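A.B. asks: Have a look at this one.
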Amino acid sequence: MTLTFTFDPVVGPALAEEFAVLWTDVSNAGGAVGFVAPVVIEDVRPEVAKHLAAAAEGRSRLLVGRDAAGRVRATAVLALNGHRLQRHWVWAYTVMVDPALQGRGAGRALMEAVADAARSIEGIEAIRLGCRGGLGLEHFYAACGYKEVGRVPDAIRVAPGDDRDDITMLLPLG
């Protein structure tokens, strides 16, 4: 399935709701996007509101992938650095693809769109992202050109007795 990506889309209640629905679906399918299943949409809405507020304030930028019917099927947030010594790279957060599209090239298309979006921001030379260990996500990101540049063992507590590594990946854009 082909997705059409929009960087800095017009944000309104409909987009916010679709973002929340996608985030809930991804979380409940086992996606490592800040929640552990089971999740209800009411759990996710405050986090969506934080992302959209940061975008409205110019602290981050939103990338949305829509299917042919116009439904939000993928997202990523690019967080800009406020620190004057780190303004040459962005963080990619809340990188997610509808579980129904996984394994069909949508994730790779999203990561290409993330890189293109970051390249369009003046002065940006790299993208960093964090991923949860134990799911093989670092292998997916490596296949997209990212390099593992850091790992903190057991930094993410998914459940009592289930700690995962926090892995930092980097994609130079030059």
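A.B. asks: Taking a point 7 angstrom from the Cα of Val10 along the C-beta vector, which residues in region 49-87 have backbone N less than 19 Å away?
C.D. replies: Label zone hits: 52-53, 55-57, 62-73.
A.B. asks: Under a 1.4 angstrom probe, counting protein chains only, how are Glu138, Glu112 ranked by accessible area, largest first?
C.D. replies: Most to least solvent-accessible, the answer reads Glu112, Glu138.
A.B. asks: Now, a different point. Of all the accessible heavy-atom surface of region 76-174, with the other protein chains kept in place and a 1.4 Å probe, what percent is carbon and sulfur?
C.D. replies: C and S fraction of accessible area: 49 percent.
A.B. asks: Would you mind getting the accessible area per residue of the chain, heavy atoms of the protein chains only, 1.4 Å probe, in Å²?
C.D. replies: That works out to 52 Å² per residue.
A.B. asks: Could you tell me which label, among (1) -0.44, -1.13; (2) -0.50, -1.25; (3) -0.42, -1.02, carries the value of log10 I(q)/I(0) by the Debye sum over Cα atoms at q = 0.11, 0.17 Å⁻¹ calculated for this structure?
C.D. replies: (1)
A.B. asks: Based on the mean of other Cβ atoms within 10 Å per residue, sort peptides 7-19, 58-70 so the most packed one is first.
C.D. replies: So the peptides 7-19, 58-70, ranked by packing, come out 58-70, 7-19.
A.B. asks: Let's test the formula: R0 of 22 Å, r as the Cβ-Cβ distance of Val158 and Ile41. What FRET efficiency results, to the nearest 0.05?
C.D. replies: 0.60
A.B. asks: Starting from the Cα-Cα distance between Ala53 and Arg84, subtract it from 0.36 nm times their residue separation and give me the gain in nm to one decimal.
C.D. replies: Full extension from Ala53 to Arg84 adds 9.0 nm.
A.B. asks: Suppose every K and R has +1 on its Cβ and every D and E has -1 on its Cβ; what is the size of the dipole of the chain about the Cα centre, in Debye to the nearest 20?
C.D. replies: In total the dipole reaches around 360 debye.
The values are calculated or read from the model by the stated rules, or taken from the named source; none is laboratory data. Owing to the predicted nature of the structure, the values given are computational and were not obtained by experimental measurement. FYI the Cβ positions are ideal-geometry reconstructions off the backbone, even for glycines, and counts take in every protein chain you see. The accessibility values were calculated without ligands, DNA or RNA, using every heavy atom of the protein model including side chains. Shrake-Rupley method; radii C 1.70, N 1.55, O 1.52, S 1.80 Å.
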